[in-house]
Structures are given as structure tokens and as C-alpha cells.
Amino acid sequence: MASRLDAKPAVAKQKSRSVPQNADPRVEKTRALISASFVALLGRRSYDRIRVSDITRKARIGRATFYAHFASKDALLEVELARVVVPMLAELPEDSCLVDCTKLFAHVQHARDVYSSLTGGSTRFVTERIVQDALEARINAILAARSDTGTTAPEFAPRFIAGTLLTLLAWSLEQPAAPSAAALQDTFRSLVGRALA
């Protein structure tokens, strides 16, 4: 008779890599709840005044649940930027400015309070760095796709483009009458296109 110690634990068989893995709907629901709570809080106070406990209280979840999904509030911000903001940057294949930011400019103007929260307060430099890193990653991906076609850009291009974009976003948030997304894209195109042409 085999003892319990001799028994092998049941191990789930790994599915084929070609079979898409379906995410657990409970995980998706919890992440959506955390995300919505985070964005709602960003609309009411600056990023530096939001604590993980505020997010968990608003989402009605425990701290352990939050940390099961995100390592920190900054990690949550990184995920939100990758999910919402980064996909708004579209490649402009035949343009020297490389990136169409019109959708992002329009989104920022629509959610001014959220973006003002990220660019204000004592953690401004931390959040700007997180935003810039996310933008640079997307721009690097665009440049990598362009290099496959033989088109290259200077090594400084991702940082320069992301920095210019951040500067325009911050400036637009400071204006009492928000510039249009098209006008901001025109300014972005003239600044970046001229530098990279």
C-alpha cells in the first residue's frame, strides 16, 4: 500500500502553445474593477495623494487581492498606460515625425482631470518617467517596424519624440482653452518632423 507521501501530486497538463489561453473571467473582472477605481480616484485627486488602500476601498477588495494583480500603484499605472494610452499612438509610415498622436491628444483633452492628476503633485517626476517610458516603448516598436523596411532613425529619436509629446501634453493641460487635437498634432509634426527629417 502506497503512502500519501509516495503519491505524485496531480499536475495540470500544459496546453499546446498554439491553443489560445483563456483568461479567467474573475481575474479580468477584478482587474477591471481595480482599473475603474484607480481612474475614478485620479479624476478627483492627484496621483501622489492616492494610496493603495484608497484603491482597494473604492474597489471593495482586499489589499492581498490588489497585490495579487499589481506589485504597486506605479505598476498599476504602467499597465493602464500600456492598455489605454500606448495603443493611441499610430505609425505614420511616410511621415518624418513617425507618429500620429491625434487620438492621444483628443483623449487627454477629454480626460483633463486624470492627466492633470498625473502631472501634478510631489510625485510628478515619477509619473512623468513612467509615462515617458511607456511612450518610448511604443515608439521603439514603431521604429523597429520601420527598420524592417530599411528606414532608420537616430538613436535619440524615441526619447526625443516621447519628450516632445509629453511637453505638448503638459502645455495643453495648462491652457484655459484646450487646443484641438489636430492643432496639437500639427505642432508635434512640425517639431519632430523638422528635427528628424
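Say whether the condition of being in contact with a strand residue (DSSP E or B) (Cβ under 7 Å, 6 or more places away or on another chain) and open to solvent by less than 60 Å² (accessible area, probe 1.4 Å) is met by at least one residue in segment 176-187.
As a first pass, look at segment 176-187 and keep what is in contact with a strand residue (DSSP E or B) (Cβ under 7 Å, 6 or more places away or on another chain): 185.
Filter again for open to solvent by less than 60 Å² (accessible area, probe 1.4 Å), leaving 185.
Scanning segment 176-187 turns up at least one residue that is in contact with a strand residue (DSSP E or B) (Cβ under 7 Å, 6 or more places away or on another chain) and open to solvent by less than 60 Å² (accessible area, probe 1.4 Å).
In segment 40-80, what count of residues is obtained for those that are among the hydrophobic types (A, V, I, L, M, F, W, C), in a loop (DSSP other than H, G, I, E, B) and within 20 Å of the chain's Cα centre (by Cα)? Spell out the reasoning first.
Here is the first cut: in segment 40-80, the residues among the hydrophobic types (A, V, I, L, M, F, W, C) are 40-42, 50, 52, 55, 59, 61, 64, 66, 68, 70-71, 75-77, 79.
Still in the running and in a loop (DSSP other than H, G, I, E, B): 50, 61, 70-71.
Subsequent filtering for residues that are within 20 Å of the chain's Cα centre (by Cα) retains 50, 70-71.
Residues that pass the stated criteria total 3.
Please return the ranges of helices (runs of 4 or more DSSP H) entirely within segment 98-184 where 1 or more residues are within 20 Å of Pro87 (Cα to Cα), touching a residue at least 12 places away in the same chain (Cβ under 8 Å) and among the aromatic types (Phe, Trp, Tyr). Give the derivation first.
Values: elements: 102-110, 112-119, 124-147, 157-174.
It comes to 102-110, 112-119, 157-174.
Look through Ala170, Ala197, Ala162 and report the one residue that is farther than 25 Å from His110 by Cα and either touching a strand residue (DSSP E or B) at 6+ places or on another chain (Cβ under 6 Å) or among the small types (Gly, Ala, Ser) (or both).
On the way: Ala170 fails: farther than 25 Å from His110 by Cα; Ala162 fails: farther than 25 Å from His110 by Cα.
Residue meeting the stated conditions: Ala197.
What is the residue count in segment 163-181 for residues that are farther than 18 Å from Glu91 by Cβ and either in contact with a Ser or Thr (Cβ under 8 Å, 6 or more places away or on another chain) or hydrophobic (A, V, I, L, M, F, W, C) (or both)?
Restricting attention to segment 163-181, the residues satisfying the condition of being farther than 18 Å from Glu91 by Cβ are 163, 166-180.
Filter once more, so that each one left must be either in contact with a Ser or Thr (Cβ under 8 Å, 6 or more places away or on another chain) or hydrophobic (A, V, I, L, M, F, W, C) (or both): 166, 168-171, 173, 177-179.
Residues flagged as farther than 18 Å from Glu91 by Cβ and either in contact with a Ser or Thr (Cβ under 8 Å, 6 or more places away or on another chain) or hydrophobic (A, V, I, L, M, F, W, C) (or both) within segment 163-181 amount to 9.
Considering segment 108-119 alone, what residues qualify as being more than 13 Å from Leu168 (Cβ to Cβ) and buried (at least 17 other Cβ atoms within 10 Å of the Cβ)?
At the first step, the residues of segment 108-119 found to be more than 13 Å from Leu168 (Cβ to Cβ) are 110-114, 116-118.
Those that are more than 13 Å from Leu168 (Cβ to Cβ) and buried (at least 17 other Cβ atoms within 10 Å of the Cβ): Val114, Ser116, Ser117, Leu118.
Does Leu89 satisfy being open to solvent by less than 60 Å² (accessible area, probe 1.4 Å) and within 20 Å of Ala40 (Cα to Cα)? Spell out the reasoning first.
On the way: open to solvent by less than 60 Å² (accessible area, probe 1.4 Å): yes; within 20 Å of Ala40 (Cα to Cα): no.
For Leu89, the condition - open to solvent by less than 60 Å² (accessible area, probe 1.4 Å) and within 20 Å of Ala40 (Cα to Cα) - is not met.
All but one of (1) within 17 Å of Leu135 (Cβ to Cβ); (2) out of contact with any helix residue (DSSP H, G or I) (no Cβ under 6 Å at 6 or more places or on another chain) hold for Val192; which doesn't?
Single failed check for Val192: (2).
For segment 31-69, how many residues meet the condition of being farther than 16 Å from Ser117 by Cβ and either small (Gly, Ala, Ser) or open to solvent by 30 Å² or more (accessible area, probe 1.4 Å) (or both)?
Summing the residues that are farther than 16 Å from Ser117 by Cβ and either small (Gly, Ala, Ser) or open to solvent by 30 Å² or more (accessible area, probe 1.4 Å) (or both) in segment 31-69 gives 15.
From (1) at pLDDT below 90; (2) buried (at least 17 other Cβ atoms within 10 Å of the Cβ); (3) in a helix (DSSP H, G or I); (4) aliphatic (A, V, I, L, M), pick out the condition that doesn't hold for Ala195.
Looking at each condition in turn, Ala195 falls short on (2).
Does any residue in segment 56-80 that is more than 18 Å from Gly43 (Cβ to Cβ) come within less than 6 Å, Cβ to Cβ, of a residue that is open to solvent by 50 Å² or more (accessible area, probe 1.4 Å) six or more places away or on a different chain, and which pairs are these?
As it stands, the answer is His69/Arg31, since those pairs meet every condition given.
The values are calculated or read from the model by the stated rules, or taken from the named source; none is laboratory data. The model shown is predicted, which means the values in this text are computed figures rather than measured ones. Backbone-built Cβ (ideal geometry, glycine too); neighbour counts: all protein chains shown. Ligands, DNA and RNA are stripped out before the accessible areas are found, and what is left, the full protein with its side chains, is counted by its heavy atoms. Shrake-Rupley method; radii C 1.70, N 1.55, O 1.52, S 1.80 Å.
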